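Report on the structure given below.
Since every read-out is calculated from the coordinates, none of them should be taken as a lab result. All figures in this text were calculated on a predicted structure; none of them were measured in a lab. Heads up, the Cβs are rebuilt from the backbone with ideal geometry, glycines too, and the neighbour counts pull from every protein chain shown.
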Amino acid sequence: MKVDIISIFPDYFAPLDLSLIGKARTTGTLNLSVHDLRTWTHDVHRTVDDSPYGGGPGMVMRPEPWGQALDAVGSPGATLVVPSPVGKPFTQAGAHELAGLDHLVFACGRYEGIDQRVIDEAADRMPVREVSLGDYVLFGGEVAVIVILEAITRLLPGVLGNADSLTEESHAAGLLEAPVYTKPVSWRDREVPDVLRSGDHGRIARWRRDQSMLRTLTRRPDMWADYPPENLDKKDRKA
Ligand code: 6GU
């Protein structure tokens, strides 16, 4: 997958050299480039912002550098992703959709946002997704892009060793994952649940399923309400 990130703070993306994203870049699974928006300014101060029409606080990102940047890094098959608190909520399903595309361009806004005409004009030429991480406000899109890219990269073929870790994880199944334990069996007077040491794979699966349902019901009543009833078997109902 090809990914281009455009930002006025390219240094924000140094962590993308690390860990599994770094490895995906080294192996060629992820072809990632970070671009400084100021590359596409032409005044001595390399200005990217100006005051908002209509008044109000803060500054707005000017359209000209963005237009040139998107012209330069775009491709016929590219999808533009704009992280923004006014975007559609980013979900695991959204991560799967983006992971299936060939070329993503991320536009990181700062200040009060990017001049709306940039997004509208881009939408005439390419698919555009405005996505939000949740109901809170960040300084800009940079950290959001790292989050979104991490969610996508782990879905790319060959990035995770064990394919089960994708199918059994939280959100993939519409339920939260059960708690996990490792050695030692007793730690600060707390024991690993006996069932997990029983070797009875049927009972372990039943226990995990019950814990998943209980966690989802108590922590995420919204997710539980959306859980398809046909996915509940007889033993789930009894539980
Ligand atoms: Cl994706 N971007 C910004 N700037 N703020 C946010 C956000 C995204 N999601 C929640 N708040």
### Task
Taking H placed 1.01 Å from N in the peptide plane, check which residues at least 5 places from G87 or on another chain put their amide H under 5 Å from its amide H.
S132
### Query
Quick one: if you stick a label point 7 Å off each Cα along the C-beta vector at K2 and E177, how many nm between them?
3.4
### Message
Could you work out the pair-distance distribution P(r) of the stretch 171-238 from its alpha-carbon pairs, with 10 angstrom bin width and percents rounded to whole numbers?
### Response
18, 45, 28, 9, 0
### Query
Sorted by average packing, counted as other Cβ atoms within 10 angstrom per residue and highest first, what order do 221-233, 1-13, 37-49, 149-161 take?
1-13, 149-161, 37-49, 221-233
### Query
Across the chain, how large is the tail of the calculated P(r) beyond 23 Å, expressed as a percent of all Cα pairs?
60
### Task
On a 0 to 90° scale, report how tilted helix 63-73 is relative to the longest principal axis of the chain, with both axes built from alpha carbons and the result rounded to the nearest 10.
60
### Message
On alpha carbon coordinates alone, what is the Rg over Rh value for the stretch 110-158, Rh being the Kirkwood radius?
### Response
1.03
### Task
Choose one answer from V185, V34, V131: the residue with the largest mean-square fluctuation in a GNM of the chain with alpha-carbon springs under 10 Å.
V185
### Task
Over the alpha-carbon set of the stretch 1-80, work out the extent along each principal axis and list the three values in angstrom, largest first.
48, 28, 25
### Query
With the chain treated as a Gaussian network of Cα nodes joined by springs under 10 Å, which of A69, A173, A107 yields the largest mean-square fluctuation?
A173
### the chain, relative contact order in percent, only Cα pairs under 8 angstrom and at least six apart counted
18
## Note on the structure
Expressed to one decimal in nm², the mean projection of the alpha carbon convex hull of the stretch 57-156 is 6.2
